[in-house]
Amino acid sequence: MTSPFALARSVAVRLRRRAPELASDPAFATFVREVGDAVGYLQANPDVAAARIDAYQHWLEHGFREGREFPGLEVCRGAAATSGTGWRRFTWRGEPIAARARIPFPASILGQIMAQARHDPAILAPGADAIGELRRFHATDLLDRDGIDIARVLAAVPERPAAVFVLPFLLSGGAEKYAADLVDALATAGGGPILVLLTDQTEAEARGWEDLSILAPFRQAKVVFWRDVCDGFGHSSPATLGRFLNALRPDRIVVVNSRVGLETVAKFGRGLGQFARIACAYFSMGRNAIGAPYGARFPRRTLPFALALTDNDPMAETLRGLYGEMPGPGIAMLPSRIAPADEATFGARLSARRARALPPGAPRRWAWVSRVEPFKGTALLAALAQSRPADRFDVFGPWQVEPRSLGLGLPNITLKGTLPDVAAADFSAHDGFLFTSLFEGMPNVVLEMSQQAIPMVLADVGGLRGTFDERAAVFVRHGANTRESLTAFSAALDQVAAMTPEEAAAMGAAARDQALDRHSPDAHARSVATLFGLT
Amino acid sequence: MTDTPDITVTVILHREGPLALPALSSMHDLVMRARAAGLAVEARAVLDRPDDLTRRMAATRGNWLDAVQEVSVGDLGLARNAGVAAAHGRFLAFLDGDDLWGEDWLHLAHRAATAANAPPEAIWHPQSLYYFVEGDFDRHSTHEMPHAAAQSFHMWHHASDTPGFDRDVLFLNNIWTANVFARREIHERHPYTAVDRSRGFGVEDWSWHMETLWDGLGHFVVPDTVHLIRVKDAGSLGQQNTAEGLLPHLPPGAAPRLGPQRSAPQGAEAV
């Protein structure tokens, strides 16, 4: 048996995230009132007694969810709630639940326990009189023990997958696109069926992901929201995920940015690697490891069992320098895949660029495209906008923190929100693309913008120089502080603003050519097939 | 002792040190209880790479044992297999050297296994487990309601023929302890698999339960019996398995049932 301490706290997250429907479950509430011992509940929970709250009401609305026992009552959830005899079945807030009057602890067993105390008084540690009322678990009730509903978990997977991708979120992000393109390439090469396991996001939280074009390849896979199907705290357990993968026995396991996925590989990769090729994607070490990026935390622990996959040369070189001698599947560079604009579309964009002629000194309009968060250089963006009040800055991208709290509430900054499809967007009215990120792997958004025939002012970070040179972009090194960076970036914007339309178009054309050289779908497909043994 | 005892009960010891004292005393209780019930019981200990203190405890508190066997296999499963090879009983029972047992366990298990309607191919487990945490002295209750933060708890075993039993649960966790009682032939046919740390697989009892269940053997519980399991701060086998990242061996060809059709029926007895 395992996880005894986990058992003791096992009902900490018991109810699924559903809207309260107390009125729809009156039978269960009535049953609790019939068999529960309110006096005992208040005795065991002095905080409830002190608050003068009705014991039944408190337990139904709070105590059950908080893992508190109700004297006189025994409950069972998950798969175990639908099996076994001697239980009454209810629904409670939409899910099956089994309950029964708590059976007095069998005297014969209690007597045997007490008798052994003569050999070890530790048996009496919780209190001799309280032993019969200690928490009771059923060994088959994994929802109660481990926070995982075995029936829901296995029902959510329609067939044995050939490949399992483990990701935290379905977002409009570079890592998600990298994973989606891997799914696409693997499926095309015959590596399916594919299961995509989302470890940190519920289906409700991910609502609308199907509309994001960069995530389109996931539509051909089976997407399972691990937090939803576990139905309890088990979704954060590497042991549970490791055992689940051991049960499925896929041929390939790919982990991209999932903490529990990386912990699972670190702890159970030796066993999982006996039947699966495992790859863990690492994109960056961050800047001085600020933000505790997984690239700085996990490679040493996963490299014995998993290929370290990265999308940029600097990260590959860093990993080889740090861990090159370690035995294991090794370190591989797999450039991300670009969705090239077709010739006609790109030709039209080039024509529009050549036609955009502004007089010298005229205000300029810049496109900033990225997730709106401090690591993407929002402080620098705010400083640029403040120092160039005549210019306009259009900010495209999702945010989790209110942008105004990041200093982006300036009158010449327009928050445009998430672009559902960067490739399809029209940037012909912008004079340049501004990329201010503080650190990166290979930022996908820059590859996408390389198809827009727009001059690019790029922070010199990550693997950008592995793809682009000065013919394709104006590179800017961050300074030691925002003031230094502001000076450098502002000079770069001046440089772009001074370009003739023909020079701007030439820069856009060079960016497209250089991106295609390294990131074409054909080159990506060949690399994936080789790395994952599908040639 | 007769040539063929009814039961051979074997305690496996490693480096339990003073924890072996209550275990050996408890084992003595249950052996005496079984003998008082008329059963011929062979009582043995297998010491696998023991430390000196554990060896001394076995020699003193275990001086009533019929045999003390020392092996150097460094593996709980292989130590049990050594116990199987040395045992003479028709039924074999294994105990872990830091636990205790209700004194009725052996004789009631034998009664259940030899009842007229007992399945011939059966593995027997105690009905209940009492996981006790010595640290609960700091969360001690002086009345009938346990301290809200008490960590000791009870666990109920369930038989594999319980209505609605889903053997796929075993893919995600163990549901029976190693404290088993079964015919000798079952153990001979299903020796424990050694931990294979180089390949990341082990957890000998969990793997054994899967292997035997998938081979068609039933796992049953013996009413009114209890196994007392000490939960240690560190160093228990379960903690060690997790720390070492060990997964259970799966029986050849074993795979869980997948897809929506496997969902358990819901609401059949909804009130």
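Evaluate the stretch A:370-382: report whether one residue or more is over 27 Å from the mean Cα position of the chain (by Cα) and in a loop (DSSP other than H, G, I, E, B). Before you say what the answer is, go through the steps one by one.
Keep residues of the stretch A:370-382 that are over 27 Å from the mean Cα position of the chain (by Cα), which gives A:382.
Next, from what is left, pick out any that are in a loop (DSSP other than H, G, I, E, B): none.
The answer is no; no qualifying residue exists.
Could you go through the stretch A:339-353 and let me know if any residue there is touching a strand residue (DSSP E or B) at 6+ places or on another chain (Cβ under 7 Å) and either open to solvent by less than 70 Å² (accessible area, probe 1.4 Å) or of a type in the set (Gly, Ala, Ser) (or both). It would help to see each step written out before you state the result.
Of all residues in the stretch A:339-353, those touching a strand residue (DSSP E or B) at 6+ places or on another chain (Cβ under 7 Å) come to none.
No: the stretch A:339-353 contains no residue that is touching a strand residue (DSSP E or B) at 6+ places or on another chain (Cβ under 7 Å) and either open to solvent by less than 70 Å² (accessible area, probe 1.4 Å) or of a type in the set (Gly, Ala, Ser) (or both).
On the basis of being outside any strand (DSSP E or B), within 23 Å of A:TRP209 (Cα to Cα) and open to solvent by 10 Å² or more (accessible area, probe 1.4 Å), does A:ALA423 make the cut? I'd like the intermediate steps shown before the answer.
Values: outside any strand (DSSP E or B): yes; within 23 Å of A:TRP209 (Cα to Cα): yes; open to solvent by 10 Å² or more (accessible area, probe 1.4 Å): yes.
Yes.
Here are the criteria: (1) in contact with a strand residue (DSSP E or B) (Cβ under 9 Å, 6 or more places away or on another chain); (2) within 14 Å of chain B (Cβ to nearest Cβ); (3) surrounded by 24 or more Cβ atoms within 10 Å (Cβ to Cβ); (4) in a helix (DSSP H, G or I). Tell me which single one A:ARG270 does not satisfy.
The one condition A:ARG270 does not meet is (3).
Filter the stretch A:308-334 down to the residues that are open to solvent by 20 Å² or more (accessible area, probe 1.4 Å) and touching a residue at least 12 places away in the same chain (Cβ under 8 Å) and list them by number. If you could, list the steps in order and put the result at the bottom.
So in the stretch A:308-334, the residues open to solvent by 20 Å² or more (accessible area, probe 1.4 Å) come out as A:313-314, A:317-318, A:320-331, A:333.
If the condition is that a residue be open to solvent by 20 Å² or more (accessible area, probe 1.4 Å) and touching a residue at least 12 places away in the same chain (Cβ under 8 Å), then A:ASP313, A:PRO314, A:THR318, A:LEU322, A:TYR323, A:MET326, A:PRO327, A:GLY328, A:PRO329, A:GLY330, A:ILE331, A:MET333 are the ones that fit.
Quick check, is B:ALA113 in contact with a His (Cβ under 9 Å, 6 or more places away or on another chain) and outside any loop (DSSP other than H, G, I, E, B)? Show your work before the answer.
Numbers: in contact with a His (Cβ under 9 Å, 6 or more places away or on another chain): no; outside any loop (DSSP other than H, G, I, E, B): yes.
No, not satisfied.
Failed condition for B:TRP176, given (1) outside any loop (DSSP other than H, G, I, E, B); (2) at pLDDT 95 or above, with all others met?
(1)
Taking B:SER141 as meeting all but one of (1) open to solvent by less than 30 Å² (accessible area, probe 1.4 Å); (2) at the interface with chain A (Cβ under 7 Å from one of its Cβ atoms); (3) under 26 Å from B:PRO256 (Cβ atoms), write down the number of the exception.
The one condition B:SER141 does not meet is (3).
Mind checking which residues of the stretch A:376-407 are surrounded by 19 or more Cβ atoms within 10 Å (Cβ to Cβ) and among the aliphatic types (A, V, I, L, M)?
Of everything in the stretch A:376-407, those that are surrounded by 19 or more Cβ atoms within 10 Å (Cβ to Cβ) and among the aliphatic types (A, V, I, L, M) turn out to be A:LEU380, A:LEU381, A:ALA382, A:ALA383, A:LEU384, A:ALA385, A:VAL395.
Which pairs turn up if I take residues in the stretch A:139-151 that are under 17 Å from B:PRO256 (Cβ atoms) and look for partners that are in a strand (DSSP E or B) with beta carbon separation below 8 Å, at least 6 apart in sequence or on another chain?
Correct list of pairs: A:LEU142/A:ILE148; A:LEU143/A:ARG77; A:LEU143/A:ASP231; A:ILE148/A:ASP231; A:ASP149/A:ARG77; A:ASP149/A:ASP231.
May I ask you to list pairs of residues, at least six apart or on different chains, whose Cβ atoms are under 7 Å apart, with the first in the stretch A:220-248 being at positive phi and the second being buried (at least 23 other Cβ atoms within 10 Å of the Cβ) and part of a helix (DSSP H, G or I)?
Close Cβ pairs (under 7 Å, with a partner that is buried (at least 23 other Cβ atoms within 10 Å of the Cβ) and part of a helix (DSSP H, G or I)) amount to A:ASP231/A:GLY78; A:ASP231/A:LEU143.
In the stretch A:479-508, what residues are in a loop (DSSP other than H, G, I, E, B) and either among the hydroxyl-bearing types (Ser, Thr, Tyr) or crowded, with 21+ Cβ neighbours inside 10 Å (or both)?
Filtering the stretch A:479-508 for residues in a loop (DSSP other than H, G, I, E, B) gives A:479-481, A:498-500.
Result: A:THR500, single match.
For A:ALA367, state whether it is surrounded by fewer than 22 Cβ atoms within 10 Å (Cβ to Cβ) and of a type outside the set (Lys, Arg).
Numbers: surrounded by fewer than 22 Cβ atoms within 10 Å (Cβ to Cβ): no; of a type outside the set (Lys, Arg): yes.
When the stated conditions are applied, A:ALA367 does not pass them.
For the stretch A:140-185, give me each residue that is buried (at least 22 other Cβ atoms within 10 Å of the Cβ), within 14 Å of chain B (Cβ to nearest Cβ) and touching a Lys or Arg at 6+ places or on another chain (Cβ under 9 Å).
A:ASP141, A:LEU143, A:ASP144, A:GLY147, A:ASP149, A:ALA151, A:LEU154, A:ALA156, A:VAL157, A:PRO161, A:VAL164
The values are calculated or read from the model by the stated rules, or taken from the named source; none is laboratory data. Treat the numbers as computed from the prediction; the structure is a model and nothing was measured. Note that each Cβ is placed from the backbone with ideal geometry, even for glycine, and that neighbours are counted across all protein chains shown. To get the accessible areas, we keep the full protein, side chains included, count just its heavy atoms, and leave off ligands, DNA and RNA. Shrake-Rupley method; radii C 1.70, N 1.55, O 1.52, S 1.80 Å.
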